Structures are given as C-alpha cells and as structure tokens.
Amino acid sequence: MDPVTRLPITRAVPSPVERDVAEIDAAIELVRRGIATRIRLVGLMRPDGAAAVGLARAQAAGLLFAVDRGADGVESLTIGPRTDRQRVG
C-alpha cells in the first residue's frame, strides 16, 4: 500500500465544497507531477458538490476522474491515471 501524503491547506477555506475542491486540487497536482499514479479521496464533506469542478480541472490536467458510490451510498472520488498513456489491446 502506498504511503499517505498529507498536504496542508495554507488558507482559510470557508465552505465544505471549497475544502473538498482544495483536496481535489492537491490530488490533481500529485498525479500531474508523477508523485502518485492514482489517488482516491474518501471522507470528503460534499463530494457531490465538488465533483463538477474536480472533473473539469482533472480533464484540463489530462487526468481521469471518477465518482465511486459504495453500497452504503458513500461517495469517493478517484483522480488519475493520466489519459495520455496509450492503451494496449
């Protein structure tokens, strides 16, 4: 299992959606820089509210973005891998 990397949020984030978007931005940056190939974000406060912004930013960075809903209804967001990789087959 990959180690967990925590990035500090350096400014006050007033709303839950903005906090979640900040987490998505951090995940996008880690995948974009090649530090991680894929990141799954769990425990977000409003993943449904942040997903649209996250999708747009991930696509602009050339990354895949997925919303996963568990059987219990809990949502997680997955960022990565890069979309510029060629698929074999």
Hey, got the dipole for the chain? About the Cα centre, +1 on K and R Cβ, -1 on D and E Cβ, debye to the nearest 20? 340
Expected output is a single nm value to one decimal: the length gained when fully extending between ASP48 and GLU29, i.e. 0.36 nm times separation in residues minus the C-alpha distance. What is it? 4.8 nm
Rounded to the nearest 10 degrees, what's the angle between the helix 47-60 long axis and the longest principal axis of the chain, both from Cα atoms, 0 to 90? 40
Among ILE35, GLY49, PRO8, whose Cα sits farthest toward the positive end of the charge dipole of the chain (+1 at Cβ of Lys/Arg, -1 at Cβ of Asp/Glu, about the Cα centre)? ILE35
Given trypsin sites (Lys or Arg not before Pro), DSSP loops and at most 10 other Cβ atoms within 10 Å, the longest exposed-site-free stretch of the chain is 34-84
Nearest 10 degrees, 0 to 90: what angle lies between the long axis of helix 16-32 and the longest principal axis of the chain (Cα atoms)? 20
With label points set 7 Å from each Cα along the Cα-to-Cβ direction at ARG6 and VAL67, the distance between them in nm comes to 2.8
Relative contact order of the chain, defined on C-alpha pairs under 8 angstrom at six or more residues apart (%): 29
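Each reported figure results from applying straightforward, stated rules to the coordinates on display, with no laboratory input. Here the structure is a predicted model, which is why all the values come from computation and not from measurement. No Cβ is skipped: glycine too gets one built from the backbone with ideal geometry, and neighbour counts run over all protein chains shown.
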